[in-house]
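Structure first, then comments.
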Amino acid sequence: MAEAIVSFALKQLGSILSEQASGYIRKQVSLVGDVDEEVDKLTNNLRAIQAVLFDAEQKQMKEEAVRVWLHRLKDVCYEVEDVLDEWNTAILKLQIERGQDHNALGPKKKVSCFFPSPCFGFKEVVLRRDIAVKITDINKKLDVIAKEKSDYNLNVIMAIERPDNQQMQTTSFIDVPDIIGRDNLKKDLVSKLLCEGSEQNLHIISLVGMGGIGKTTLAQFAYLNNEVENNFDKRIWVCVSKPFDEIRIAKAIYQSLKNQTPNATELEYLLQCIHDSVKSKKILLILDDVWTDIDKKWEPFYNCLKNGHCGSKILITTRNKLVARMINSIDIVNVGELPYEENWSLFEKLAFFQRPPNDYENLEEIGREIVRKCKGLPLATITIGSLLRFKESKEQWQHVLDSELWKLENVEKDLLTPLMLSYNDLPPMVKQCFIYCSIFPKDYEYMYKDRLIDFWMAQGYLGLEKNGENEEIIGKEYCDYLLTRSLLQENESWSYKMHDIVHDFAQFLGNNECLSVEVHGVEDLITNSSHDKVRHLKLTLDGVGASFLESTFRLKWLHRNCLIETLPQGIEKLVNLRRLQFETFDHALLYMPKGVEKLTGLRRLSEFVISGGGDHDNKACSFEGLKNLNRLEGSLTVRGLGNLTDVSDGKLTNVFKSKEKLHQLKLEFCKREEQARLGEDDELILNTLQLPPNLENLSIYRYRGNTVPSTNWMTLTKLKELTLERCSNCKHLHHLGNLPFLKMLWLIEMSNVKKVDNDFWGIESETSSSSSLCVHFPKLTEFSFWDTREWEEWDCKVEEFMPCLASLTIVRCPKLKALPDRLLQRTTLKQLHFSESPILTERYNKETGEDWPKISHIPYIEIDCKPVQHE
């Protein structure tokens, strides 16, 4: 951790000194007094300390004095960060005041003035003096710390094959088997859960073993077992961890039982609800990772849960047998070490993944010795195996085997050693990102990938752009580092989670500077003296109002989840802004303020709102200003296109043209019907706009033209999803069938569409239809038509169409007479849904419909929300 912070401070200092090279900035923001030597001294002190930090971070595991020294160093380095932030802010303010191109990503303009302007007076002098004094004070502290390093015999060690000197390796992420071996234990556990047990007692089973031994994995196996699932009316999984928070646990049980989130926070009420909900139900409750502070807190839970049906079970996992005795477990199952050969099989799957046979012969002997050192702990084996997957030479494997870290004397040394070896293999900045992950509570399963990278970026951990790479790409690489070393686990395709032992390890390294607190009442939980080192706080408020926040943080103003009508004027001064994301209720935002167009470093923007005129016009950014934001990526909503004027002067052509990383776009033409423009203007706007070249998802809402464009859409060769909604005047759907990669098409509330014909398929004339060799909708797999109440006919005269169609949905189309026979004959069609379309319901009724044979081959058919065929 200290190595990461020192590295970050040095990079930040180097960046500021580079900015200082500008003559004008040096005159205005450089430190008063002749303290250049103090800045040099600060740099030299940090570099001298940095040279021994790799050795220090290894020794801290077995030498308490070194660990204390590192924590003192970390505290001083945070002071360095604060001072450098202050200094950097002064530079940015100067650039803004001078009207300089202040965007951090853009080229800096030369400034010819070398004399202070009148606007820089006494305050600026005081600021510069304060920064200088702070740097001098920090140097005094660093002097002491630098001298002390010799007391601990710290050596200058260059880590072998440091990852930050390597090109990032891309690999196929492999799934580690849930459980290798333990067949008898798995069968025994399932058997215990299936037996009926006593009528008088709630059967409690405990899995007991040290951290990382595989208790949770065994519990997951049992929970997901088909026989177990069928044996219980309700299955509930609750992650307990520290502390035993009765309200959180009660709410989690209630939510699983009722399939809804409770509003109440009173324990007595929640327990009563649980008592009533389990009556006559056979339940399985799994409490994962229970600690010793359960004692009398458990009794109320037991009393309300025993109201369940005979055969109900509770399964807990714990590291402490005392916990199992406290809750009166009938069965205590000791989970021991994984047998050596089973542990070796697990290691093999990781460390030798996709290696050539000669590597196996060369490395097997060393690998087997390393597995012996893992002492039968699956988590240790997974961690060290994931690390060695990236070590190619025999010397590198031998270096891991010979590490002094295996000699640790901690209680859980067998687990901490592999974790520390994997941690030491990370680049400094990835170490800091890893430790920051401990801000999420234990067993947290919603560590969203994009949000995690945003948090790292906000802390400055992802640094400045290099070699054309932006911070998001660097963040994804850092995630790959942590994933491939099993320090993070992929929970879903969109989120991560962290094993509770790995979480403990991250907290240990960070000296508990990351804290997650869930508050249920007005009690002030974060003023506890044990939290005095906290620098990052995740605060979850449950049933707590403004009074708690005001008393805790001494807030003067509190704005509350409110209606956002305007964004602040002067927003262009947020020069480092990369995300401008907000949630608005009922389209409350009225316009985008002037200055937004200057934030050319923006990566994400929730929506861009075009002013509806009136008093807002002199404050609003014009739609053309959006063309400057060419770094936008991901998704964007543009609202109020119907408010545009002067749509014929060509100003709109290049608004989206250069936004190559914008993949999802929603265009809303008006807010209310009475604000709508003439349909001809909407058509002109949509035809004039050149849409982003790499667009994959396009939605158009409340468009009032008579037809959708045909020509400029054909350039959207990457478009996969298209939605047209509430386009009330639209009569013709031109050439949609010619979009080459369209996979999903939704047409919703197209109230003027009466016929789907050649225009839709992309046929120019009747004569060309029969001879055309074109495949229409060549990639379409899902097609939905909703609320198209005037639609009567669907012509299908083309030869080749929709060869990949798998799902067809027709909802609330009461006048539609029939579906094209040739469409229903698709062998790829697996699902057919139609509802509130009475003519179709009668025609294709399974019992009496004349055309049921035409659809009977489709595996899944649902009519009016009722499955009529399910193969």
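Can Leu840 be described as surrounded by 15 or more Cβ atoms within 10 Å (Cβ to Cβ), outside any strand (DSSP E or B) and of a type in the set (A, V, I, L, M)? Against the criterion (surrounded by 15 or more Cβ atoms within 10 Å (Cβ to Cβ), outside any strand (DSSP E or B) and of a type in the set (A, V, I, L, M)), Leu840 qualifies. Take the residues in the range 56-69 that are in a helix (DSSP H, G or I) and open to solvent by less than 10 Å² (accessible area, probe 1.4 Å); name whichever of them is nearest to Ser422 (Cα to Cα). For the range 56-69, the residue satisfying everything is Glu57.
Among the residues of the range 430-484, those identified as open to solvent by 10 Å² or more (accessible area, probe 1.4 Å), more than 18 Å from Asn512 (Cα to Cα), touching a Ser or Thr at 6+ places or on another chain (Cβ under 7 Å) and at pLDDT 80 or above are Tyr448, Lys449.
Only one entry in Glu782, Glu836 is at pLDDT 90 or above and at positive phi, namely Glu836. Keeping to the range 216-268, report how many residues are part of a helix (DSSP H, G or I) and not charged (D, E, K, R). Summing the residues that are part of a helix (DSSP H, G or I) and not charged (D, E, K, R) in the range 216-268 gives 23. Scanning the range 323-377 for residues being open to solvent by less than 20 Å² (accessible area, probe 1.4 Å) and assigned to a helix (DSSP H, G or I) gives a total of 13. Each residue in the range 731-752 was checked for being crowded, with 21+ Cβ neighbours inside 10 Å, at pLDDT 90 or above and assigned to a loop (DSSP other than H, G, I, E, B), and 2 of them qualify. Given (1) open to solvent by 80 Å² or more (accessible area, probe 1.4 Å); (2) among the basic types (Lys, Arg); (3) under 21 Å from Ile700 (Cβ atoms), identify the lone condition not met by Lys598. The one condition Lys598 does not meet is (3). Residues that are open to solvent by less than 20 Å² (accessible area, probe 1.4 Å), over 22 Å from Val335 (Cβ atoms) and touching a helix residue (DSSP H, G or I) at 6+ places or on another chain (Cβ under 6 Å) are absent from the range 218-239. In this entry, Asp759 passes the filter for residues that are within 23 Å of Trp713 (Cα to Cα) and either open to solvent by 60 Å² or more (accessible area, probe 1.4 Å) or charged (D, E, K, R) (or both).
Number of residues in the range 305-321 that are open to solvent by 10 Å² or more (accessible area, probe 1.4 Å) and within 37 Å of the chain's Cα centre (by Cα) equals 3. I'm trying to understand the selection: among the residues of the range 388-415, which are at pLDDT 75 or above, open to solvent by 20 Å² or more (accessible area, probe 1.4 Å) and not basic (Lys, Arg)? Matches in the range 388-415: Glu392, Ser393, Glu395, Gln396, Gln398, His399, Leu401, Asp402, Trp406.
Checking each residue in the range 778-794 for being among the β-branched types (Val, Ile, Thr) and either assigned to a strand (DSSP E or B) or open to solvent by less than 10 Å² (accessible area, probe 1.4 Å) (or both) picks out only Thr788. Of the residues Leu284, Leu271, the single one that is within 33 Å of the chain's Cα centre (by Cα) and either under 21 Å from Leu193 (Cα atoms) or in a helix (DSSP H, G or I) (or both) is Leu284. Tell me which residues, restricted to the range 711-728, are open to solvent by 40 Å² or more (accessible area, probe 1.4 Å) and either in a loop (DSSP other than H, G, I, E, B) or at positive phi (or both). Matches in the range 711-728: Thr711, Thr717, Lys718, Lys720, Arg726. Taking the range 204-215 as the range and being β-branched (Val, Ile, Thr) and not in a loop (DSSP other than H, G, I, E, B) as the test, the residues that pass are Ile204, Ile205, Val208. Scanning for something modelled with pLDDT of 90 or more, more than 30 Å from Gly385 (Cα to Cα) and not in a loop (DSSP other than H, G, I, E, B), does the range 167-187 turn up at least one residue? No; the residues of the range 167-187 include none that is modelled with pLDDT of 90 or more, more than 30 Å from Gly385 (Cα to Cα) and not in a loop (DSSP other than H, G, I, E, B). Search the range 843-858 for residues being assigned to a helix (DSSP H, G or I) and either in contact with a Gly (Cβ under 9 Å, 6 or more places away or on another chain) or open to solvent by less than 80 Å² (accessible area, probe 1.4 Å) (or both), and hand back the single one that is nearest to Leu805 (Cα to Cα). Result: Ile855.
If you go through the range 634-660 and pick out every residue that is in a loop (DSSP other than H, G, I, E, B), surrounded by fewer than 19 Cβ atoms within 10 Å (Cβ to Cβ) and at pLDDT 90 or above, you end up with 1. Checked against (1) surrounded by fewer than 21 Cβ atoms within 10 Å (Cβ to Cβ); (2) over 17 Å from His587 (Cβ atoms), Cys621 meets all criteria but (1). Taking the numbered list (1) assigned to a loop (DSSP other than H, G, I, E, B); (2) within 20 Å of Leu742 (Cβ to Cβ); (3) open to solvent by 10 Å² or more (accessible area, probe 1.4 Å) in turn, Thr809 passes all entries but (1).
Within the range 753-780, residues that are among the hydrophobic types (A, V, I, L, M, F, W, C) sit with their Cβ atoms under 9 Å from residues that are modelled with pLDDT under 65, at 6+ positions apart or across chains, in these pairs: Trp761/Ser769; Ile763/Ser769; Ile763/Ser772. The listed residues are Lys279, Lys297, and the only one of them that is open to solvent by 20 Å² or more (accessible area, probe 1.4 Å) and out of contact with any helix residue (DSSP H, G or I) (no Cβ under 9 Å at 6 or more places or on another chain) turns out to be Lys279.
The values are calculated or read from the model by the stated rules, or taken from the named source; none is laboratory data. Bear in mind the structure is a predicted one, so any value in this text is a computation, not a measurement. Note: ideal-geometry Cβ built from the backbone for every residue, glycine included; neighbour counts use all protein chains shown. Surface accessibility is based on the protein's heavy atoms, side chains included, excluding ligands, DNA and RNA. Shrake-Rupley method; radii C 1.70, N 1.55, O 1.52, S 1.80 Å.
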